[in-house]
Amino acid sequence: MRKKISIVIPTYNEEANVVPLSKAVIEVMERDLSEYDYEILFIDNHSKDNTQALLRGLCANNKKIKAIFNAKNFGQARSPVYGMKQAYGDCVVRLTADFQDPVDMIPKFVREWEKGTKIVIGVKSASQERKTMYWIRSCYYRMINKITDIDHINQFTGFGLYDKKFVDVVRDLHDPLPYLRGIIAELGFDYTAIEYTQPKRRAGKSKNNFYSLYDYAMIGITSYSKVVMRLATFAGFIIGGLSMLAAIVYLIMKLMFWHRFSAGIAPLLIGVFFLGALQLFFIGFLGEYVLSINTRVLDRPLVVEEERLNFDEEETEKEEDTQ
């Protein structure tokens, strides 16, 4: 019996990419990995364009192509992980739908996997995206490595191959805010990283904006870092000590030079605004932690499906067991 490779592709408004991407994946699988069985699983996050209609056509023409349509847009953190949970191949390859994850990396991942590596990931050595965005991502990776207790993988977006043993670990997690990069670093097996140059998006526009990227970054920080909140405690001690020291200095100066020393109101205003900004900063972060806790306590499902195509009854039963 041939081993089966599941290729999971999250989509949202990717009408210009889904058809050529499916053709590219099929070509690579049949040319370079013909000894394997495979399936392509698209999980669509409630696209507003023609993506779902195109996916229906792909599924009708090829039973190896499957699709899950979400009832609404559940965000870029939840939908891809849910797609992985619905894939039951011997390994799962995760791709983006915009061709920024090179399809020709799949055979390289599989060859490493056959050597016994449970996780094979793609790490960007360079990128053709905007330099500013690449620099911001680099800064984020460096920061999160310093403030968390686990070793996050720099320039890793989730693109890679995951053995079914690791996918089973992910499947058993009941986290409504999954952060795959952190899960791999915390719970994953040893991994092999293969460098690649990230190309530009083939067609369409990125669906990420400042808010969505900020939201995903906050999931990583609030899930794996205690440092930020402890900084508030340390800052309170330090600023309190400095304030006491400044008060003593001012008192001594006033007693020594009663008529000549005038403190003025400027230091008071500066101190008030500084402390106010510091309090708002840490209250904001505290709010992010509270939101994260609230979401996890509610324990809502990762996504709600509207429809699935080309899944047999056995796979549907497995899906029901995971919910």
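At-a-glance table
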item: Amide H partners (placed H, <5 Å) of Ala193, local residues excluded; result: Ile121
item: Amide H contacts under 5 Å for Ile43, placed H, 5+ residues apart; result: Ile9, Thr11, Ile68
item: Computed label-point distance, nm, for sites Asp49 and Val304 using a 7 Å Cα→Cβ extension; result: 2.7
item: Shape call, region 71-229: gyration tensor on alpha carbons, a/c limit 1.5; result: rounded
item: For region 1-66 versus region 149-209, the gap between their alpha-carbon centres in whole angstrom; result: 19
item: DSSP-assigned coil residues among trypsin sites (Lys or Arg not before Pro) in region 1-108, each with at most 13 further Cβ atoms within 10 Å; result: Arg2, Lys48, Lys63, Lys72
item: Sequence-separation-based contact order of region 129-242, relative, with Cα cut under 8 Å and 6+ spacing, percent; result: 37
item: Residue-by-residue Karplus 3J(HN,Hα) for region 78-93, coefficients 6.51, -1.76, 1.60, Hz, glycine and proline x; result: 8, 4, x, 5, 4, x, 4, 5, 8, 9, 10, x, 5, 8, 10, 10
item: Ile248 - accessible surface, heavy atoms, 1.4 Å probe, Å² rounded to 10; result: 80
item: Reach of Lys200 by Cα under 16 Å, taken over aspartates and glutamates that are not fewer than 8 positions away in the same chain; result: Glu14, Asp98, Asp101, Asp104, Glu129
item: Helical contribution to [θ] at 222 nm, DSSP H n ≥ 4, -39,500 (n - 2.57), averaged over the chain, rounded to 500; result: -16500 deg cm²/dmol
item: At 0.692 mPa s and 37 °C, Stokes diffusion of region 45-117 via Kirkwood alpha-carbon radius, µm² per second; result: 229
item: Kirkwood-based Rg to Rh ratio, region 140-208, C-alpha trace; result: 0.99
item: Out-of-range pairs (alpha-carbon distance over 22 Å; input Lys3/Lys85; Lys4/Lys118; Lys85/Lys124; Lys108/Lys165; Lys66/Lys118); result: Lys85/Lys124; Lys66/Lys118
item: Between region 85-101 and region 237-312, the Cα center-to-center distance that results, in Å; result: 41
item: Region 11-91 - Rg over Rh from alpha carbon coordinates, Kirkwood radius; result: 0.97
item: Given 16 as the ceiling on other Cβ atoms within 10 Å, longest exposed-site-free region of the chain for GluC sites (Glu not before Pro) in DSSP loops; result: 130-323
item: Region 218-228 - phi-based ³J(HN,Hα) in whole Hz, Karplus 6.51/-1.76/1.60, Gly and Pro as x; result: 5, 4, x, 6, 6, 7, 10, 10, 9, 5, 4
item: Compactness relative to 2.2 N^0.38 Å, alpha carbon Rg of the chain; result: 1.27
item: Per residue accessible area in Å² of the chain, where ligands, DNA and RNA are left out and the probe is 1.4 Å; result: 54
item: Contact order relative to length of the chain, as percent, for alpha carbon pairs under 8 angstrom and 6 or more apart; result: 23
item: Rough spin-label spacing in nm, given labels placed 7 Å along Cα→Cβ, for Arg202 and His174; result: 3.9
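The values are calculated or read from the model by the stated rules, or taken from the named source; none is laboratory data. Because the structure is a prediction, the values reported are computed rather than measured. Methodologically, a virtual Cβ is constructed for each residue, glycine included, from the backbone with ideal geometry; neighbour enumeration extends over all protein chains shown. These area figures cover heavy atoms from the full protein model, side chains too; ligands, DNA and RNA do not enter into them. Shrake-Rupley method; radii C 1.70, N 1.55, O 1.52, S 1.80 Å.
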